[in-house]
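To keep things clear, I will list the structure first and then write my remarks on it.
Each reported figure results from applying straightforward, stated rules to the coordinates on display, with no laboratory input. Fair warning: this is a prediction, and the values are worked out from it, not measured in the lab. Positions of Cβ are backbone-derived with ideal geometry, glycine not excepted, and every protein chain shown enters the neighbour counts.
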Amino acid sequence: MPNTLDEQLKPLATTPRLLLEVHLQPLQGTRFQPTGFPNLGAATYDGPNGERMLLVESAQSMANRLESVCWNKPMDDWETPLKGLPLVKVVKKSKDKDGKETNEPLTNSVLEAHRINSPYILEGKDKSVLQSLKSQLAEMEEGPVDIKKLAAVLLKLDTNALIHGVFLAKSDLAGGRLRLPRALSSFIEAEEVKEAQSGGVKNDHVNPSGDTGKGFGNVPFARSEFTSAKIIAYFNLDLAQIRAFGLGDSVTQLLIALALFKIQALLDSGLRLRTACDLEAKESCIVVKRPMGFVLPTLGELKTALPILITAVAKEQKWPDDRVTRVNWS
């Protein structure tokens, strides 16, 4: 195996996509609970050969999970290998017991549902980020969107946006046309699924015959879970899109390493998607579909390489020592 991450990533230099498949199984037992949707429930459908398929986890949910493994909530900071990456933090002013004004963390661009397009970042009284974006991207008010310029601005403001994707849907930002699709996408499917029906009762030991409309009484309920011999997590990293940002080899390598870290960290931390959906990867679980022969760096190798890459890009891009953009929310 190559000794450096640079050597390991060379097979990706000319291929448009990195496609991975990870075969999963329930951690205990055979049943699992898939994601559900309003007015639909479980997303079952017919496969191309007539087999019954099931969407276990959607692309939107997987994107959130790939982000969450990057963030240390107790410390309100990146996980250690990712420290130094630019992001936007929203803080709320308050006073401590001595009356001293402090900034309490409220949210940030890594965890927000709409990331950099969060209303907590763009819609509050503090318009600093909005004005900065308008100033730097003013030339795109008319004509085609310059993807390279947009990527360069986002790199210094919220590097993760180049992997997660972004849609700046405000009309005063180039008419709401500033968007980048996800570079890293993922979903989980199950094949040849069968339903496992069960149920239960919400017991009221005080008043079993009470008014159920008010939360009293015994309430029986049905429960639908599934079984499947083939559950697969799919990962698609758009390498052509990352290269098209035109940000140079160092940034390209950093973005690829960040995406691979997300995948490996998610698999390492386990896939407890819901109370009744706890999955794990099978042995020899990661199958590289494209490019053939590529060997995925381990989580340990990525943890070692990322701080070095962040330092190199910071020097090249002339990032400031403090790479957190703070927005005051009131």
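Worth a mention:
- Pairwise label distance in nanometres, residue 101 with residue 52, each label 7 Å out on the Cα-Cβ vector: 6.2
- Summarising the amide proton neighbourhood of residue 126: residues at separation of 5 or more, or on other chains, whose placed amide H is nearer than 5 Å comprise 330.
- Fully extending the segment from residue 138 to residue 278 would add 45.7 nm, taking 0.36 nm per residue of separation and subtracting the current Cα-Cα distance.
- All other residues whose Cβ lies under 12 angstrom from that of residue 147 are scored, Lys and Arg at +1 and Asp and Glu at -1, for a net of +4.
- Summed side-chain charge close to residue 196 - residues other than residue 196 whose Cβ falls under 13 Å, Lys, Arg +1, Asp, Glu -1: +1
- Under the Debye formula (equal points on every Cα, no solvent term), log10 I(q)/I(0) of the range 1-109 at q = 0.22, 0.23 Å⁻¹: -1.28, -1.31
- Scattering curve values for the range 1-46, log₁₀ I(q)/I(0), Debye with Cα scatterers, q = 0.15, 0.17, 0.19, 0.24 Å⁻¹: -0.73, -0.76, -0.80, -0.99
- Local electrostatic count at residue 183 - Lys and Arg +1, Asp and Glu -1, tallied over other residues with Cβ under 15 Å: +4
- Relative to the current alpha-carbon distance between residue 211 and residue 114, full extension at 0.36 nm per residue lengthens the span by 30.9 nm.
- Extension gain (nm, one decimal) between residue 268 and residue 31, 0.36 nm per residue minus Cα-Cα: 83.2 nm
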